[in-house]
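Asks: One structure, pasted below without further comment.
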Amino acid sequence: MDEILSSAAMSLVGAMATDAWQQARAAVVAWWRRVRPDHADRVDAELVESRERVLAARQAGDDSGESRLVADWNSRFTMLLRDDPALADELRRLFEEEIFPLLRRGDSTRTGSREFRAEASGHGRVYQAGRDQIIHES
């Protein structure tokens with residue numbers, strides 16, 4: 001379930017800075033309205049606020065600000081599924097059928113999947129990352 005949550009949060013935050021944002025927002029709010037109607041308006045307002053924060057973070061080159069938003073949305077999804085674990089399949093469907101296709105069509109420069117291949121021999125080392133990477137060696 002953690003994989004669903006982190007993927008959903010990362011994709012949602014990633015969609016906030018794309019041309020597909022309005023469609024993604026509408027899909028998420030419609031889903032929330034169906035599963036938790038009493039929270040849908042608040043979630044919509046939080047999505048708008050989060051988008052402003054993502055755009056500001058990207059403008060400032062603040063990756064940690066965007067990472068905090070991913071963690072925030074991961075937490076929201078976690079609490080929702082903790083209250084009703086049966087929603088996990090619906091959440092997965094929402095992102096697989098509605099959000100991920102939007103990201104593939106739109107600007108997905110910071111979302112989606114990447115495939116890395118590397119080969120090291122002898123005493124060689126390979127370090128690969130799709131995003132931030134910190135290596136401490138002595």
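The values are calculated or read from the model by the stated rules, or taken from the named source; none is laboratory data. What you are looking at is a predicted structure, and each value in this text was computed from that prediction instead of being measured. Please note: Cβ atoms are built from the backbone with ideal geometry, for glycine as well, and neighbour counts cover all protein chains shown. Side chains are part of the model used for accessible areas, which takes the heavy atoms of the whole protein and leaves out ligands, DNA and RNA. Shrake-Rupley method; radii C 1.70, N 1.55, O 1.52, S 1.80 Å.
Asks: Once every DSSP H run of n ≥ 4 in the chain is given -39500 (n - 2.57) and the sum is divided by its residues, what mean residue ellipticity at 222 nm do you get, rounded to the nearest 500 deg cm²/dmol? Walk me through the intermediate numbers first.
Replies: On the way: 6 runs with 85 residues, N = 138.
Result for the chain, helices only: -20000 deg cm²/dmol.
Asks: I would also like to ask the following. If the viscosity is 1.567 mPa s and the temperature 4 °C, what Stokes-Einstein diffusion coefficient in µm²/s follows for the chain when Rh is the Kirkwood radius over Cα pairs?
Replies: Working: Rh = 16.3 Å.
Rounded to a whole number, D works out at 79 µm²/s.
Asks: Over the heavy atoms of Arg125, what accessible area does a 1.4 Å probe trace out, to the nearest 10 Å²?
Replies: Here the accessible area works out near 150 Å².
Asks: Now a separate question. Quick one: Debye curve from the C-alpha atoms of segment 1-71, no solvent, what's log10 I(q)/I(0) at q = 0.24, 0.26 Å⁻¹?
Replies: -1.13, -1.24
Asks: While we're looking at this one, here's another question. Obtain the nm distance between the two label points defined at Asp89 and Arg104 by a simple spin-label model: each point lies 7 Å from its Cα along the Cα-to-C-beta direction.
Replies: Those two pseudo-labels are separated by 2.3 nm.
Asks: So how do His39, His123 rank on accessible area, 1.4 Å probe, biggest first, that is with the largest at the start? Intermediate results must be reported in sequence, preceding the final value.
Replies: Working: His39 60, His123 185 Å².
Per-residue accessible area, sorted high to low, gives His123, His39.
Asks: A further question on this structure: Using a 1.4 Å probe and ignoring any ligands, DNA or RNA, find the accessible area of Ile135 and quote it in Å² to the nearest 10.
Replies: 80
Asks: A further question on this structure: Can you give me the % of accessible surface on the chain that is carbon or sulfur? Probe 1.4 Å, all protein chains present, nothing else counted.
Replies: Values: 4000 of 8830 Å².
The value for the chain is 45 percent carbon and sulfur by accessible area.
Asks: Less than 13 Å Cβ to Cβ from Val48, Lys/Arg counted +1 and Asp/Glu -1: what total charge do the surrounding residues give?
Replies: With Lys, Arg at +1 and Asp, Glu at -1, the net is -1.
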